[in-house]
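Working notes for the structure below.
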Amino acid sequence: MNDNNEAETTPSASPPPHPTIQEPLPENLGIRELFEALLRRPAELARHKVTEGRSALTGFGIIAVISILVFGFVLGTFAYGDQLWAAPVKLVGGMLFAGLICFPSLYIFSSIAGSSASAAKMGGLLAGMLALAGLLLLGFAPALWIFAQGTASFGFMGFLAIAAWLVALAFGYKFLRTALRETGATQSAPLMIWVSIFLLVTLQLSTSLRPILGRSDKFLTTEKKFFLQHWGDTIDESLVASPQKKEDKIEAKSRSGRGEQQNPYNN
Amino acid sequence: MVTVIGFALYGFTVGYWRSPVMGIFVAMKMPLLIALTLGCNGLLNGLLGILLGSGLGFRQSLHALLSAFSISALILGAVAPVTFFLAINVPSADSPQAASAHSAYLLTHTFMIAMAGLIGVVRLGKLLESYSSSRTVARSTLAAWIAGNAFLGMQFSWILRPFFGSPRLEVAFLRDDPMKGSFIEAVWGSLERIFGGIPIQGLVGIVGGGALILIFIYQIRTERKKRKP
């Protein structure tokens, strides 16, 4: 993956000298080079003219879409059935939609922060941010799959998915901040505001595009809800919850209220 | 190879108290637990290593983590004769004192594994410091790796249970329906039972709010540091 930069030795060997002089990025960057630069040389990538062109947008777009499709598929394995295709489609659609509606505000806020990047460059950098976030989600995917096969709790699975998204977005934001500094941005407060807006949009989309984790006859629901309300309603629900189980739960709660303890190991 | 042999030897002594067959099962499962955890988190560990600026790539991250596990495995492999001696001296699993023996056995092994794990982590930290541009970078990489691997490792240890083998339950390689449930949910359920039900929404709100405040404080501190000449 990174034959040029990564020595084939084990880390127990003597550490490499710091700092290493790296060759400048080549004129034309393919997906592999974009991937490398995104991870290892974000500042240089931001200065590179490739981010203003269509190739970066396409390259980053492909990385983001494939990564999020895989992550969505993993989330779909929580409920299986139609969710195997619906969850990836919704996640990719949601991410593109969030990127589109937040792009104008990114341009304005980054200009306020002092950036002189053109709209085309800003588009490339936003795509880079989404690609990096997507790669991190891809990194979380195997772990999430393990949990998706074990748990039936919406609260727990939702928490894991949101936590993975927050971590991914944090690194995406770090890339964007580094990249925008290279274009002249000196303040980080406007960017913090923008990323908060973007986060809120994506969290609301998790509710607007529901069900992403659970099962439903409909692809999308028309009922309007704020995401915090939706989370509050579903946090205690389970994928296998049946009316009988709900009654058992109420009974268990009342028992617990009366001080009767259950042995956890008898479950 | 060192990791596999060390964990297999130690694993055998962990399961041996319940039965020799259990010892063989655990000897297979302990190296498997490490392999599954590192395999599943390989991409994430590599990404975090690069993005946090540790100077290690994907393969080197795997080597660094494996070297830490090798040190733990060496320590555990070295104490395996002692724990084997313990296994053959502790009251057997079918004796009347089995319950108390099981508890003591569990505590001893928890202490041994924690000690070996801690030494492995300290060594990993030093290794990262020698590669990273700063101590902060090394520590944040170490913290991210520990958090990710511990979280997934807990779940794999749940899936691959039993390790110690409760005297009340039959000897088995895996429990029936091993993927069902999760370690964290089991702990959460136990906490709920102990405290008689926790208002989950409130707790999530407090944790989320606390995390946001911490991020905000971190941002301010970073900004101040940068402004200092």
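FYI, it's all coordinate maths here, none of it is from the lab. Just so we're clear, the structure is a prediction, and the values are computed from it rather than from any experiment. Every residue, glycine as well, gets a Cβ built from its backbone with ideal geometry; the counts of neighbours run over all protein chains shown.
The ranking of A:Arg181, B:Arg175, A:Arg54 from fewest to most other beta carbons within 10 Å of each one's beta carbon is A:Arg54, B:Arg175, A:Arg181. Computed from label points 7 Å out along Cα-Cβ, the spacing between B:Asp177 and A:Lys225 is 2.6 nm.
Report, in debye and to the nearest 20, how large the dipole of chain B comes out about its Cα centre when Lys and Arg carry +1 and Asp and Glu carry -1 on their Cβ.
Values: 18 positive and 8 negative charges, 227 e Å.
It comes to approximately 1080 debye.
Distance between the modelled labels on A:Lys174 and B:Ile146, one decimal in nanometres: 1.8 nm (7 Å Cα→Cβ projection). Working note: Karplus 6.51/-1.76/1.60 with θ = phi - 60° gives segment A:221-230 the couplings 9, 9, 5, 8, 8, 7, 4, 5, 5, 5 Hz, where Gly and Pro are set to x.
Among the GluC sites (Glu not before Pro) found in segment B:117-187, those both in a DSSP coil and sparsely packed, with 14 or fewer other Cβ atoms within 10 Å of their Cβ, are B:Glu170. Backbone geometry of segment A:82-97 corresponds, through the Karplus equation with coefficients 6.51, -1.76 and 1.60 at θ = phi - 60°, to 3J(HN,Hα) couplings of 5, 5, 4, 9, 5, 4, x, 4, 5, 5, 5, x, x, 5, 5, 4 Hz, x marking Gly and Pro. Amide H to amide H distances under 5 Å link B:Arg18 with no residue, where only residues 5 or more positions off or on other chains count and H is placed in the peptide plane. Taking the centroid of alpha carbons for each part, segment A:68-110 and segment B:1-20 are 45 Å apart. Between B:Glu192 and B:Val207, the simple spin-label model (points 7 angstrom out along Cα→Cβ) gives 1.3 nm. Stretching A:Leu166 away from A:Ile62 to a fully extended chain increases their span by 35.3 nm, per 0.36 nm per residue minus the current alpha-carbon distance.
In terms of modelled amide H atoms, which long-range or inter-chain residues lie less than 5 Å from the amide H of A:Thr221? Excluding prolines and chain starts, which carry no amide H, the hits are A:Arg210. Measuring r between the beta carbons of A:Asp233 and B:Ile119 and using R0 = 56 Å, the FRET efficiency lands at 0.75.
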